[in-house]
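Values in this text are rule-based calculations from the coordinates and carry no lab data. Given the structure is predicted, the values throughout are model-derived calculations rather than measurements. Cβ placement follows ideal geometry from the backbone for every residue including glycine, while neighbour counts extend to all protein chains displayed.
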There are 2 protein chains.
Amino acid sequence: MIEVFDDEHFMRQALFEARQAYDRDEIPVGAVIVTKNTIIARGHNLTELLNDVTAHAEMQAITAAANYLGGKYLTGCTLYVTLEPCQMCAGALYWSQISRIVYAAEDSKRGYRAMGAQLHPRTTVSSGPLAFEASQLLLDFFRKKRN
Amino acid sequence: MIEVFDDEHFMRQALFEARQAYDRDEIPVGAVIVTKNTIIARGHNLTELLNDVTAHAEMQAITAAANYLGGKYLTGCTLYVTLEPCQMCAGALYWSQISRIVYAAEDSKRGYRAMGAQLHPRTTVSSGPLAFEASQLLLDFFRKKRN
């Protein structure tokens, strides 16, 4: 029997990655990339640990997925990420020609939509699953930082 | 005596990097990052070799410069790149808060300006030095690929 998982299942895995970031004192964003109902790549934000603005969860997952597939194009794949991608990550996703993006929380300030960046015309986007949990984790993080 | 180099000098170094990419059968784009009149990072496009859409010249140079400086912000630095950055690279440069960007050739289709991506408000931009040489190298590459 093949079990087919839904968006919430995979977003929960992305949220697990975001919590790994939180535990390392990084802005808690996590991502997984899925193809044929299987997670082929995982990543969480490591910009502080690596001293590298490019070390967003999505960027690491894109590189890992391409490595797994042995090719740089992610057609047939879905990215689940706990926060709307920024323009850097949207740009990387554009080049990857990924088929689908699902994000949890919106980023009304630095998200790719507010910044004006573009996804590939063949990429479809959904948002919403576990948005509350993903936002709460980010709020907890910034609250902890302020105190 | 301290010798002060001009933009053309550093762009020539970026063009040297672009030729390294050309010799490896990669789209020939090269970049260097400079601070205090010294090159602290170099990179050339390696997307085919690494099977990774994120392996643009600028991305590698940003990571290398941050590594050299021991911090992720590139204030006080200038990026010289032979082709106008794409939205992914513009996004990474945004996060890095780099002080200045100099590019040679324009990219009227996939450049950050055509795609609508934004640089950091404190980043200044110049274009033009060695634009002809940088464009010719790209044209040569695509001509060679077609034949």
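Between copies, how far apart are the B:ARG113 label points? List them in nm, one decimal, shortest first, with each point 7 Å from Cα toward Cβ, please?
For B:ARG113, the other copies' label points sit at 2.8 nm, shortest first.
Please sort by residue number the trypsin sites (Lys or Arg not before Pro) in the range B:1-102 whose DSSP state is loop and whose Cβ has at most 15 other Cβ atoms within 10 Å. Write down the numbers at each step before the final one.
Working: sites: B:ARG12, B:ARG19, B:ARG24, B:LYS36, B:ARG42, B:LYS72, B:ARG100; in loops: B:ARG24, B:LYS36, B:LYS72.
Those satisfying the criteria are B:ARG24, B:LYS36.
Take the alpha-carbon positions of the range A:83-147, form their convex hull, and give its projected area averaged over all directions (one quarter of the hull surface) in nm². Could you put the intermediate results ahead of the total?
Values: hull surface 18.3 nm².
Mean projected area of the Cα convex hull: 4.6 nm².
Which far-off residues, 5 or more places away or on another chain, put their amide H under 5 Å from the one on B:CYS77, with H placed in the peptide plane?
Here the answer is B:SER99, B:ARG100, since their amide H atoms fall under 5 Å of that of B:CYS77.
Scan around A:VAL125 for amide H atoms under 5 Å from its own, H built in the peptide plane at 1.01 Å from N, and keep only partners 5 or more places away or cross-chain.
The answer is A:ILE101.
Mind sorting A:LEU46, B:LEU130 by how few other Cβ atoms lie within 10 Å of their own Cβ, fewest first? Mind showing how you got there, number by number?
On the way: A:LEU46 19, B:LEU130 23.
Sorted ascending by nearby Cβ count, the order is A:LEU46, B:LEU130.
Please work out the FRET efficiency for the pair B:GLU8 and A:GLU3, using the Cβ-Cβ distance as r and a Förster radius of 41 Å; give the result to the nearest 0.05. Mind showing how you got there, number by number?
Values: r = 61 Å, r/R0 = 1.49.
That pair, B:GLU8 with A:GLU3, gives E of 0.10.
When DSSP beta bridges are limited to those with both residues in chain A, what percentage is antiparallel, rounded to the nearest 5?
Details: 10 of 19 bridges.
Bridges in chain A are about 55 percent antiparallel.
Which far-off residues, 5 or more places away or on another chain, put their amide H under 5 Å from the one on A:GLY30, with H placed in the peptide plane?
A:ALA18, A:THR82, A:LEU83
Rounded to two decimals, what is Rg over Rh for chain B when you use alpha-carbon atoms and the Kirkwood radius?
On the way: Rg = 14.3 Å, Rh = 15.0 Å.
Ratio value, two decimals: 0.95.
Using a label position 7 Å from Cα in the Cα→Cβ direction, what is the ascending list of nm distances from B:SER99 to the same site in the other copies?
So the label point of B:SER99 gives 4.8 nm to the other copies.
What is the range A:7-139's relative contact order, in percent, from Cα pairs under 8 angstrom and six or more apart in sequence? Working shown, then result.
Numbers: 304 pairs, mean separation 29.3, N = 133.
Contact order relative to length: 22 percent.
Could you list, bin by bin from short to long, the percent of Cα-Cα pairs of the protein assembly as shown in 10 Å steps?
7, 28, 34, 21, 8, 2, 0, 0
For B:GLY76, place a label point 7 Å from Cα along the Cα-to-Cβ direction in every copy; what are the distances to the other copies, in nm, shortest first?
Its label point is 4.9 nm from the equivalent points in the other copies.
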